[in-house]
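One structure is given below, encoded as structure tokens.
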Amino acid sequence: MKDLLKQYDIFIFDCDGVILNVNNLKCEAFGKVVEGYPKKNIDDFVEHCRRTFGVSRYVKFKEFLSDFANVPFEEKVYNGFLRKYASICNQIYRDAEITEGSISLFTELQTLKKRLYIASGSDEKELNQVFIDRNLSQYFQTIYGSPKTKLECIADILRNNLSKKAIFIGDAISDLESAEKYNIDFIYMAKYTVQSKKQDEICRKKAKMVINSLYDLT
């Protein structure tokens, strides 16, 4: 595995479901935020959040209003969703387990003089604070997140590392598509994914490597 790690200069990681085991809890949180709306609307929205995991909350709550609740967009309601979701996520992130093998892999990559980045659909300010609180920020050059899109995050990373070979490690089809957009290799971490069976199969087929957890890379 060390030979594989030596092939790349830049390691880009998704966060949720790769470094922190939070996927199911965050999907449930989307439902909690919109409590009070019809149950079918909530259930359909949570399932949509599973299928599109990795897309930011800024997009998803707008989709809830337009596509699930079928009501006109109201800034006050939308901002209320964002505040409530942020509050729930803060607790989730404080309690979440760091996935097995993460710290060992980060330490090894640092020893090999590799540059590590986060490109996440989670809120960037929130994530930076989480990584400080969880003593994880020390391993990363920069932690990127929403409201930037994942494509914008990766573009910034690659722009700051011209002529460097990069690989992206993620757990969702949105991660695979982002890697394909920039023609970089993709490792699919499957253990904590919440996407559909079809999406899982696509990721397994197209990834350079499929792993259960980051422990498999150490």
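Odds and ends about this structure:
- Rounded to 5, percent antiparallel among DSSP beta bridges of the chain: 5
- Where GluC sites (Glu not before Pro) in DSSP loops with at most 14 other Cβ within 10 Å are excluded, longest remaining stretch of the chain: 98-218
- Those lysines that a straight Cα-Cα span of less than 22 Å connects to K113, excepting residues fewer than 8 apart in one chain: K2, K6, K164, K165
- Förster radius 45 Å - calculated FRET efficiency between K39 and K164, Cβ distance, rounded to 0.05: 0.35
- Across region 86-150, Cα pairs under 8 Å and at least six residues apart give a relative contact order of 37 percent.
- Protein accessible area in region 161-207, 1.4 Å probe - carbon and sulfur %: 45
- By the rule of a C-alpha distance below 20 Å, with chain neighbours fewer than 8 residues away ignored, the lysines paired with K39 are K26, K60, K62, K84.
- The largest accessible area among V130, V55 belongs to the first residue in V55, V130, and the rest follow in falling order (1.4 Å probe, all chains).
- Evaluated with a Cβ-only charge set (Lys, Arg +1; Asp, Glu -1), region 1-124 carries a dipole of roughly 160 debye about its Cα centre, given to the nearest 20.
- Between S104 and R204, the contour length at 0.36 nm per residue exceeds the alpha carbon distance by 33.6 nm.
- Residues whose amide H comes within less than 5 Å of that of G145, counting only those at least five positions distant or on another chain, are S120, E124 (H built at 1.01 Å from N in the peptide plane).
- Extension reserve of the Y182-S137 stretch, reckoned as 0.36 nm per residue once the Cα distance is removed: 13.7 nm
- Basic side chains Lys and Arg get +1 at the Cβ, acidic Asp and Glu get -1 at the Cβ, and with that the dipole of the chain about its Cα centre reaches some 340 debye.
- When the chain is treated as a GNM with alpha-carbon contacts under 10 Å, the residue of I143, I202, I167 showing the greatest mean-square fluctuation is I202.
- What a 1.4 Å probe finds exposed on region 2-99 is 51% carbon and sulfur by accessible area, rounded to a whole percent.
- Longest site-free stretch - the chain; sites: trypsin sites (Lys or Arg not before Pro), DSSP loop, at most 12 other Cβ within 10 Å: 1-112
- Here the Gaussian network model covers the chain, with springs between Cα atoms less than 10 Å apart; of T99, T52, T107, T107 fluctuates the most.
- Scaling the Cα radius of gyration of the chain by the globular reference 2.2 N^0.38 Å produces a ratio of 1.01.
- Gyration tensor (alpha-carbon) shape descriptor, region 85-157, a/c threshold 1.5: oblate
- Per residue accessible area of the chain, 1.4 Å probe, in Å²: 48
The values are calculated or read from the model by the stated rules, or taken from the named source; none is laboratory data. The structure displayed is predicted, hence computed values, not measured ones. Here the Cβ is made from the backbone with ideal geometry for all residues, glycine too, and neighbour counts use every protein chain on show. Quick note on the areas: whole protein, heavy atoms, side chains included, nothing else; ligands and nucleic acids left out. Shrake-Rupley method; radii C 1.70, N 1.55, O 1.52, S 1.80 Å.
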